[in-house]
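Take a look at the structure below.
The values are calculated or read from the model by the stated rules, or taken from the named source; none is laboratory data. Treat the numbers as computed from the prediction; the structure is a model and nothing was measured. Because the Cβ atoms are built from the backbone with ideal geometry, glycine has one as well, and the counts that use them run over all protein chains shown.
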Amino acid sequence: MSCDMTHSVLHGYLDGELDAARAAEFERHLLSCPQCVAELEAQETLRSTIQRAGLRERAPEKVRRNLHAAIGGTASSTTEPAKTVTPIRPRTSMRPTWWLTLAAAAVFAIVLGTRFLPNLTQGRGGDEMATAIVDAHLRSLQPGHLEDVISTDQHTVKPWFDGRLDFAPPVHDFVADGFPLQGGRLDIVRGKTVAVLVYGRRKHIINVFIWPTSEQDSSPQQGSQLGYNWVDWRKGGMELVAISDVSAPDLVELQKLIAK
Amino acid sequence: MSPGVEGSELDVLDIQERARFEQLVLPHVDAAFNLARWVLRGRNDAEDVAQEALLRAYRFFRGFNGADARAWLLQIVRNACYSWLEKNRPMDLSTEFDEQHYPQSSVTPESLAIAGDDKDRLTRALETLPPRFREVLVLRELEGCSYKEIASITSMPIGSVMSALSRARQRLQQSLTQAVAPKNLEAQREL
């Protein structure tokens, strides 16, 4: 016995590609269709396993070098090819010197006095910011990139951020509510250092990006890009963005817990 | 865009255009390589084809309207991959998926979780899919493309993207369960 919806609409729902009315209709259908519930669960697991397996392969450096050589790069692009190729350098290892670089970058960002990132939900800068956050989220799903401090204990994660940041992100574990804290890390988004808290939701990962803002508190704004849902809000001089492949209602639930 | 036309040598874009190319297209070199790697099922061939596609993108950059550079580049890469397959491995394109042989799976999340720990097993399972299923999975799951972007990259109507993904995922589940339980298959053969 199988349900027609498992072959079509379910995948649109999984990918966040249904409009609000069709998504609501499918959610109503889920209440009365165990096949679809089981299939949705299986598909979410399949997606998580694919993303955690780190199947995406990077181009060999040779490809970029050859391209630069062929198009006769400008003076700047021949001497500093990486500058134009990868605006945000993904981390490749956890060597101790990495922290020195990061610390230097953080100090540099503060000295520049431009540590405020554009608002996620406003204008063109917002679109670019959303793209940068989605990129950072995708990057974090590569093996070994998720957490710098792995702990389910908020009293371990919170002090870890002290001294690494000039603001104190709110660190709480919500395991009782189905959002266990898994750890934290520092990330670089558009050249700025941000704090990231990692929460689990069933087998999914939710990244919460946090950085200082000078703007007033704002109510949560939802959005999605490339199939990833995000919720963005500002509170107490910080902007927070929760992003994940979990459903938008799940994200809003976590947002409410954090903002409490 | 007319990627079929071969220029005798690279057009020299002016400095501003080249800077624009570097800014818009170069961030997607990894995406270009990754798509080629999965459609062609190998890094060496992918390197050659992606390289050629990037040069082609540079050559035809003036024809790019500026909307979505990644989708534009991946469309060129995909075309290059299919041309390469037609020429070098036409068998890859003729393996049409016969769904009669793959009834709906009854995969449990647990068995998938076990299979997913094994990157090699996932890789093999993906590589058994026909290229047209493999590409939608790669675009969706590894590159995070929207249905609209996948439609534009693959020249598929947007409505077909959802059903292609649905069938591709079911087929992938099938391959994974077969990989998980090879002993059962052995036992069946012996009977």
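Annotation: of all residues in region B:27-41 being within 12 Å of the chain's Cα centre (by Cα) and not hydrophobic (A, V, I, L, M, F, W, C), the one that is nearest to B:Leu74 (Cα to Cα) is B:Asn34. Residues that are buried (at least 21 other Cβ atoms within 10 Å of the Cβ) and either free of Cβ contacts under 8 Å to residues at least 60 places away in the same chain or in contact with a strand residue (DSSP E or B) (Cβ under 6 Å, 6 or more places away or on another chain) (or both) within region B:31-42 comprise B:Ala32, B:Phe33, B:Ala36, B:Arg37, B:Leu40, listed in sequence order. Restricting attention to region A:56-76 and to residues that are of a type in the set (A, V, I, L, M) and surrounded by 20 or more Cβ atoms within 10 Å (Cβ to Cβ), the residue that is nearest to the other protein chains (Cβ to nearest Cβ) turns out to be A:Ala59.
What tally of residues in region A:153-178 results from selecting those that are of a type in the set (Asp, Glu) and within 19 Å of the chain's Cα centre (by Cα)? Can you show your working first?
Of the residues in region A:153-178, the ones of a type in the set (Asp, Glu) are A:153, A:162, A:166, A:173, A:177.
Narrowing the set further to residues that are within 19 Å of the chain's Cα centre (by Cα) leaves A:173.
Summing the residues that are of a type in the set (Asp, Glu) and within 19 Å of the chain's Cα centre (by Cα) in region A:153-178 gives 1.
In the condition set (1) at pLDDT below 80; (2) of a type in the set (Lys, Arg); (3) part of a helix (DSSP H, G or I), A:Arg89 is compliant with all but (3). If we scan region A:171-180, do we find a residue that is aromatic (Phe, Trp, Tyr) and in contact with a Ser or Thr (Cβ under 7 Å, 6 or more places away or on another chain)? Within region A:171-180 (the criterion being aromatic (Phe, Trp, Tyr) and in contact with a Ser or Thr (Cβ under 7 Å, 6 or more places away or on another chain)), the answer is no, since none of the residues qualifies.
Take A:Ala21 and decide whether it is part of a helix (DSSP H, G or I), modelled with pLDDT of 75 or more and more than 10 Å from chain B (Cβ to nearest Cβ). In short, yes. When B:Arg70, B:Arg56, B:Arg89 are screened for being at negative phi and touching a residue at least 60 places away in the same chain (Cβ under 8 Å), only B:Arg70 passes.
Give me the strands (runs of 3 or more DSSP E) completely within region A:170-260, filtered to those with at least 2 residues that are touching a strand residue (DSSP E or B) at 6+ places or on another chain (Cβ under 8 Å) and within 17 Å of A:Ser48 (Cα to Cα), ordered by residue number. I'd like the intermediate steps shown before the answer.
Working: elements: A:181-189, A:192-201, A:204-212, A:218-225, A:228-235, A:238-244.
Output list reads A:192-201, A:204-212, A:228-235, A:238-244.
Listed conditions (1) modelled with pLDDT under 90; (2) surrounded by 16 or more Cβ atoms within 10 Å (Cβ to Cβ) are all met by A:Glu239, apart from (1).
Filtered by the rule that a residue be free of Cβ contacts under 8 Å to residues at least 12 places away in the same chain and surrounded by 17 or more Cβ atoms within 10 Å (Cβ to Cβ), region A:31-52 gives A:Ala42, A:Leu46, A:Thr49, A:Ile50. Do we have any residue at all in region A:218-229 that's crowded, with 21+ Cβ neighbours inside 10 Å and among the hydrophobic types (A, V, I, L, M, F, W, C)? No, region A:218-229 has no match at all. For B:Pro130, state whether it is under 29 Å from B:Val49 (Cβ atoms), modelled with pLDDT of 55 or more and surrounded by fewer than 12 Cβ atoms within 10 Å (Cβ to Cβ). Spelling it out, it is not the case that B:Pro130 is under 29 Å from B:Val49 (Cβ atoms), modelled with pLDDT of 55 or more and surrounded by fewer than 12 Cβ atoms within 10 Å (Cβ to Cβ). Summed over region B:119-168, residues that are facing chain A (nearest Cβ under 8 Å) and outside any helix (DSSP H, G or I) total 4.
In the set (1) under 17 Å from B:Glu143 (Cβ atoms); (2) modelled with pLDDT of 95 or more; (3) at the interface with chain A (Cβ under 10 Å from one of its Cβ atoms), B:Val29 fails one condition alone, (2).
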